[in-house]
Amino acid sequence: MFALDTDGLLDPAVTFYGCRRTGELLAIGALKHLSDHQGEVKSMHTAAAARRLGLRWAMLGHLIGVARERGYRRLSLETGSMDGFASARALYARAGFTECEAFASYQPSPHSIFMSRPL
């Protein structure tokens, strides 16, 4: 629910990644540095035409790998609590994320689910 706008993606604490095929952008993901020990998954999205190709798994795996390389001990995220985000929540749960309290500058909200996993 707190997706980054262009200014947010330009924040030096955010690293933005894209997956392209023959020049076409198919998936995006971003990793935000929160501290020396914690990062945040931000702005994951796969284009409708590229769904069911495994790109969301590939992107999430890449972000987890980068987080480990940076030495983070915890990776967290915020996602929507509405039915439209059920698939995203299931993906994160399968990748080892569990629900947690609000983190960083987030405040608890009925519209948000916070998740985290150790690395």
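The values are calculated or read from the model by the stated rules, or taken from the named source; none is laboratory data. Bear in mind the structure is a predicted one, so any value in this text is a computation, not a measurement. Here the Cβ is made from the backbone with ideal geometry for all residues, glycine too, and neighbour counts use every protein chain on show.
State yes or no: is residue 47 surrounded by 12 or more Cβ atoms within 10 Å (Cβ to Cβ) and within 26 Å of residue 20 (Cα to Cα)?
yes
Name the residue, out of 18, 23, that is touching a strand residue (DSSP E or B) at 6+ places or on another chain (Cβ under 7 Å), of a type outside the set (A, V, I, L, M, F, W, C) and loosely packed, with under 15 Cβ neighbours inside 10 Å.
Checking each option against the conditions leaves just 18.
Please work out which one of (1) in contact with a Leu (Cβ under 8 Å, 6 or more places away or on another chain); (2) free of Cβ contacts under 8 Å to residues at least 12 places away in the same chain is the condition residue 108 fails and give its number.
Only one criterion in (1) in contact with a Leu (Cβ under 8 Å, 6 or more places away or on another chain); (2) free of Cβ contacts under 8 Å to residues at least 12 places away in the same chain is unmet by residue 108, namely (1).
Which condition from (1) out of contact with any Phe, Trp or Tyr (no Cβ under 6 Å at 6 or more places or on another chain); (2) in a strand (DSSP E or B); (3) at pLDDT below 95 is the one that residue 30 breaks?
(1)
What single numbered condition from (1) loosely packed, with under 11 Cβ neighbours inside 10 Å; (2) of a type outside the set (A, V, I, L, M, F, W, C); (3) modelled with pLDDT of 95 or more fails to hold for residue 84?
Against the list (1) loosely packed, with under 11 Cβ neighbours inside 10 Å; (2) of a type outside the set (A, V, I, L, M, F, W, C); (3) modelled with pLDDT of 95 or more, residue 84 comes up short only on (3).
I'd like the full set of residues that are part of a loop (DSSP other than H, G, I, E, B) and either surrounded by 14 or more Cβ atoms within 10 Å (Cβ to Cβ) or modelled with pLDDT under 90 (or both), limited to segment 1-15.
Within segment 1-15, 1, 2, 3, 4, 5, 10, 11 qualify.
Looking for something under 18 Å from residue 104 (Cβ atoms), modelled with pLDDT under 95, in a strand (DSSP E or B) and out of contact with any His (no Cβ under 8 Å at 6 or more places or on another chain) - is there at least one such residue anywhere in segment 46-65?
No: zero hits.
Considering only segment 20-48, how many residues are touching a Cys at 6+ places or on another chain (Cβ under 9 Å) and of a type in the set (Gly, Ala, Ser)?
Qualifying residue count, segment 20-48: 2.
With the checklist (1) among the small types (Gly, Ala, Ser); (2) within 26 Å of residue 6 (Cβ to Cβ); (3) surrounded by 13 or more Cβ atoms within 10 Å (Cβ to Cβ) in hand, flag the one item residue 116 doesn't pass.
Looking at each condition in turn, residue 116 falls short on (2).
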